[in-house]
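Read-outs: derived from the displayed coordinates by stated rules, not from any lab. Being a predicted model, the structure only gives us computed values, none of them experimental. Here Cβ is always computed from backbone atoms with ideal geometry, including for glycine, and neighbour counts include all displayed protein chains.
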Amino acid sequence: MRDYTVGIDVGGTNIKLGLFDGKMQLVSETKYSTDKDGTAIEMMDYLAQQVKSLVEKAGLSMLDVKGVGAAFPSYVDFKHGMTLESANLVALNEQPVREMLEKRLEVPVFVDNDANVAALAEHRYGAGRGYDNLIYAVLATGIGGALILNGQLFRGMHGMAGEIGHTLISDSIGYPCSCGVTGCVHSISSGFYMARYAMDRIKEGEESRILDYAGTLSNVDMVAVGRALAMNDPLALEVVNRGAEYLGRMFHNLNQIFDINIFIYGGGITKLGHRFTDRMIASYRHHSLIDQKFPAKFIPAELGERAGVIGSALLVQ
C-alpha cells in the first residue's frame, strides 16, 4: 500500500530530502550539496537517484511511495509543474521539472516554490497552527514569502503570489534589483543588500568594527554585522535599523492590502536577534493606525530547516 511520501527542498547551496509515513512522521532524511554547474537533466537524474536511495535505505521501494513533492527557489508554474525563473539555479529556468521527475520515479510529483511549501508546513505543524489567514515571510539573503488565505495556500493567477520582497516601498532608497526596479524591499532589507550597504558606508570612510570581524571589505556579510551589533557598533546599528524600518513598512502595506495581521517570519537575518525584530515590529506599529485596534502578531517560525521538506511532502496530501 502506498502510504509514504517524499519531500524535496532544493536550495542554492544544499538539497534536503525527507521520507514521511502516512501520519507525516519523518522516517529518514538526507542532505547533499547542490551542483550549480549541472544541467537540468543531470540535476533531475541525481535527484531521482537520491530519492530512490532514501527510500531503499528505509527498507522500502518506490511501490510504497504515493508521491513526491519538490520545492525550488524559483518562480514556479504549479499547474504545469515548471520552474520558470531561478536566480540561484539558472539551469532550471523554463524546465518541466515535474515531468522530468515523474519519468524517472514513476510516481506523481508536485512542484512548488520554496516559500510556499514552508508556509504550508508552518501553517499545518508550526507557528501558524490555528490561523486560517497568515502571511509567511522569509527574511534571509533574499526576502520572500507566501500567503495562507482561508486556510489554503494562495498562489495567484500565475503562481507568483507572495513575492513580497519585490513590493516597491521607496523611489529614492535601495539598490537596483534583478526584479527591474530600485526601491523594492529586497533591495534595501535583504541580507545581501544590508551587507552591501554596510560595505559602501565603510568605503565612504565610516569606521566600524564590522571590518574587524569581516577581515576584508569584500568579506563583509551579515554575520560580521551581527557580531559588531553585539558590541554596539554604531554602523552595525544603522544598518540593522535601516533594514528593519523598511521591513516594518512592507508588513504595514501587506496588512492594508489583505487585512491580515498574523505574520510568521523566519530566515537567516532574524538571527540578528531582538534588536532587529523589535525595530521591525516597532516600525510596523508606527505606520499602522489600525494596529491600535487590531494588534498584529509577529511570530517566529518554528520548523527551521525542515520546513521545506515537510511542506513539500504536504503537496502530495
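Among the trypsin sites (Lys or Arg not before Pro) found in the range 1-59, those both in a DSSP coil and sparsely packed, with 16 or fewer other Cβ atoms within 10 Å of their Cβ, are Arg2, Lys23, Lys36. Here the label points at Glu238 and Tyr175, each 7 Å from Cα along the C-beta direction, are separated by 1.7 nm in the simple model. The residues packed around Leu60, meaning those with a beta-carbon under 15 Å from its beta-carbon, carry a net charge of -2 if Lys and Arg are +1 and Asp and Glu are -1. Each peptide in 42-51, 210-219 receives the mean, over its residues, of other Cβ atoms within 10 Å, and ordering these scores from highest gives 42-51, 210-219. Give the separation of the Cα centroids, the range 213-271 to the range 1-49, in Å. Cα centroid of the range 213-271 versus Cα centroid of the range 1-49: 31 Å apart. Relative to the longest principal axis of the Cα atoms of the chain, the long axis of helix 191-203 lies at roughly 30 degrees. Around Leu120, with a cut-off of 14 angstrom between Cβ atoms, what is the net charge of the other residues, counting Lys and Arg +1 and Asp and Glu -1? Neighbourhood net charge equals -2. Counting only aspartates and glutamates at least 8 places from Lys203 when in the same chain, those with an alpha carbon closer than 18 Å to its own are Asp212, Asp221, Asp233, Glu238.
Within the straight-line cut-off of under 20 Å between alpha carbons, the lysines reachable from Lys271 are Lys297, sequence neighbours fewer than 8 places apart in one chain being disregarded.
Working from Cα pairs under 8 Å separated by at least six residues, relative contact order for the chain is 19 percent. GNM on the chain, alpha-carbon springs under 10 angstrom: the most fluctuating residue among Glu94, Glu204, Glu122 is Glu204. Each DSSP beta bridge with both residues in the chain is either parallel or antiparallel, and the antiparallel ones are about 60%. With K and R counted +1 and D and E -1, the other residues having a Cβ less than 13 Å from that of Pro73 yield a net charge of -3. So what's the back-of-envelope 222 nm ellipticity for the chain, counting only DSSP H runs of four-plus at -39500 (n - 2.57) apiece and dividing by all residues, rounded to 500? Calculated mean residue ellipticity at 222 nm is -11500 deg cm²/dmol.
Rounded to the nearest 20 debye, the dipole magnitude of the range 131-301 is 280 debye, with +1 charges on Lys and Arg beta carbons, -1 on Asp and Glu beta carbons, and the Cα centre as origin. Placing a label point 7 Å from the Cα of Asp37 along the Cα-to-Cβ direction, none of the residues of the range 83-99 has a backbone N under 13 Å of that point. Counting only lysines at least 8 places from Lys66 when in the same chain, those with an alpha carbon closer than 25 Å to its own are Lys16, Lys23, Lys31, Lys52, Lys57, Lys79, Lys103.
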